[in-house]
Amino acid sequence: MVADVSGYSERAHELAEELAERAAENLRRSGKTVVRNPATGRYIVTRTSPSNPESHIRRVA
């Protein structure tokens, strides 16, 4: 069974997504990297090294 989402809930969800995107843009301007984890829906913020833009990527062996 799928629950119907009210117009209020849908709008609140849209506003939350807009707010998260604006926050991500601001963080990127200050040298941070922002990635959304699709499994959890959470955002991961890391600091990017100016000399190595991919330094935030952790390799797992």
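The values are calculated or read from the model by the stated rules, or taken from the named source; none is laboratory data. Here the structure is a predicted model, which means the values were calculated and not measured. Here the Cβ positions follow ideal geometry from the backbone for every residue, glycine too, while neighbour counts run over all protein chains shown.
Sub-7 Å Cβ pairs linking a first residue in the range 37-49 that is exposed (fewer than 11 other Cβ atoms within 10 Å of the Cβ) and at pLDDT 85 or above to a second residue that is in a strand (DSSP E or B) and not aromatic (Phe, Trp, Tyr), at least 6 apart or interchain, are Asn37/Ile44, ordered by first then second residue.
Taking the condition of being more than 8 Å from the chain's Cα centre (by Cα) and surrounded by 13 or more Cβ atoms within 10 Å (Cβ to Cβ), how many residues in the range 18-36 meet it? Matching residues across the range 18-36 total 5.
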